[in-house]
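The block underneath contains the structure these notes are about, expressed in structure tokens.
The values are calculated or read from the model by the stated rules, or taken from the named source; none is laboratory data. Owing to the predicted nature of the structure, the values given are computational and were not obtained by experimental measurement. For neighbour counting, all protein chains shown are included, and Cβ atoms are generated from backbone atoms with ideal geometry for every residue, glycine included. In case anyone asks, the SASA skips ligands and DNA or RNA and just uses the protein heavy atoms, side chains included. Shrake-Rupley method; radii C 1.70, N 1.55, O 1.52, S 1.80 Å.
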Amino acid sequence: MLSISETPPLRHLLSRIGYSTHRFNTILVGLKTVADGMGDGGAIAVTWTKPRNKNEAESAASSARSFACSGAMVLAVDVLDAFLRELAEQDWLKFKPETVRIATKAHTRPKAQGGAYSVAERAEALADDLGIDDSQTIALIELFAKWRNVVAHNAERVSQLEDRFRKKLEENSTQIGAGHSHFSVTLGITNFEKRAIPVPKEVTSLMANAVRFARAVDEAAIKRVASTSDEVQSAADWLLSDWFKKNVDIAHAMIADGLQGPNDRRVKSITKWLANAGVSNSKNAVSATLAETYRSDLAALSKKQFCERLGIQLIEAGR
């Protein structure tokens, strides 16, 4: 049975920063071998000078660790930023127009009223639209995004936590530590304000929080609009259309080839296209199931009818 378990924006986010703790710890394991004075023995095709002594080895590993922490934080916040925008742009999820304007950065405020919306405020707009009340998670996103700015920009740039988010972090420091592998909020805020490079624990904890938030809003958004078979069918139409429009260079050839031959071959092609678009047979289904007749109904259409149903404008689409 086909259903929707993740939106395309979440799939993209998870491909970039999902399982971040394991990936980051893999880097740290490698750096530990460097700190211990070991190298790859020339097995890897890179130019690298092995440190001459223990002190040099530890210094090289420490510098590389800071570099990895900085890079991971910048990447993760930028990926989260893109997720917020892309999720709001999924028309089938039916976010309120004002939510879309805030999350996509299409709307801003006068400088006297706060200026551009922050990453945390944009995340908060999506959560509010979905009825999710988790100010603690949003406050951690505020620290994450503002710290990213400190890491990525020069020392003259001023970056401060919004008062209400800072208060939430301080009030919930014990709870946050218990739920985030003993992450120290107090030390994190101190290091942020000192413009220090975050340590691995700070990076992985804040990355994991961002991923959990993305999963939560994604699931809530899907459940809100795809709780019945008919709703899943409408969502499938939109997702298929969007996928083909984003792959327009190959779409015509795929449709021309897929919608020919016997019915079972057509159904197989449509099943593959649906999986590409995010509708598949998954053990982690979030939506209701797609009607079994959906694929056979599409398979019965001509190429022209198929394109018209999905609103796809293709050269020679009717031939």
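Only one entry of 70, 62, 3 meets the criterion of being surrounded by fewer than 16 Cβ atoms within 10 Å (Cβ to Cβ) and at pLDDT 85 or above, and that entry is 62. Within segment 1-20, the set of residues being under 11 Å from the mean Cα position of the chain (by Cα) and among the polar types (S, T, N, Q) comprises 7, 15. Taking the conditions (1) open to solvent by less than 20 Å² (accessible area, probe 1.4 Å); (2) modelled with pLDDT under 95 in turn, residue 76 satisfies each one other than (2).
If I filter segment 282-295 down to residues being modelled with pLDDT of 95 or more and open to solvent by less than 50 Å² (accessible area, probe 1.4 Å), which single residue comes out as nearest to residue 266 (Cα to Cα)? Top of the filtered list is 295. The condition of being of a type in the set (Val, Ile, Thr), farther than 24 Å from residue 123 by Cα and modelled with pLDDT under 95 holds for only one of 279, 232, 267, 248, that being 248.
Within segment 178-190, the set of residues being of a type in the set (Gly, Ala, Ser) and more than 24 Å from the chain's Cα centre (by Cα) comprises 178, 184. Screening residue 146 with (1) in a helix (DSSP H, G or I); (2) within 23 Å of residue 31 (Cβ to Cβ); (3) in contact with a Ser or Thr (Cβ under 9 Å, 6 or more places away or on another chain) gives one miss only, at (2).
For segment 21-30, check the following and say yes or no: at least one residue is open to solvent by 30 Å² or more (accessible area, probe 1.4 Å) and of a type in the set (Phe, Trp, Tyr). There is no residue in segment 21-30 that is open to solvent by 30 Å² or more (accessible area, probe 1.4 Å) and of a type in the set (Phe, Trp, Tyr).
Remark: pairs (first residue in segment 51-64, under 9 Å from residue 37 (Cα atoms); second residue assigned to a helix (DSSP H, G or I) and open to solvent by less than 90 Å² (accessible area, probe 1.4 Å); Cβ separation under 8 Å; 6+ apart in sequence or on different chains) = 51/34; 51/57; 51/59; 51/60; 57/34; 57/35; 58/35. Looking only at residues in segment 257-272 that are of a type in the set (A, V, I, L, M, F, W, C) and open to solvent by less than 10 Å² (accessible area, probe 1.4 Å), the one that is nearest to residue 300 (Cα to Cα) is 259. So for segment 156-167 (the condition being farther than 23 Å from residue 105 by Cα, open to solvent by 60 Å² or more (accessible area, probe 1.4 Å) and not in a helix (DSSP H, G or I)), does at least one residue qualify? Yes; the residues of segment 156-167 include at least one that is farther than 23 Å from residue 105 by Cα, open to solvent by 60 Å² or more (accessible area, probe 1.4 Å) and not in a helix (DSSP H, G or I). In segment 6-20, the residue that is least open to solvent (accessible area, probe 1.4 Å) out of those that are of a type in the set (Gly, Ala, Ser) and part of a helix (DSSP H, G or I) is 20.
Looking at segment 118-134 only, could you name the residues that are without any contact (Cβ under 8 Å) to a residue 40 or more places away in the chain and open to solvent by 50 Å² or more (accessible area, probe 1.4 Å)? Correct list: 128, 133. When segment 87-105 is limited to residues that are within 19 Å of residue 8 (Cα to Cα), part of a loop (DSSP other than H, G, I, E, B) and out of contact with any Leu (no Cβ under 9 Å at 6 or more places or on another chain), the one that is least open to solvent (accessible area, probe 1.4 Å) turns out to be 89.
Contact annotation: residue pairs with Cβ atoms under 6 Å, 6 or more positions apart or on different chains, pairing a residue in segment 74-93 that is closer than 13 Å to residue 105 by Cβ with a partner that is open to solvent by 10 Å² or more (accessible area, probe 1.4 Å), are 81/119; 85/104; 88/95; 88/100; 88/104.
Here 108, 137 are screened, and the one residue that is in a helix (DSSP H, G or I) and among the polar types (S, T, N, Q) is 137. For segment 131-148, the criterion of being of a type in the set (Gly, Ala, Ser) and under 19 Å from the mean Cα position of the chain (by Cα) is met by at least one residue.
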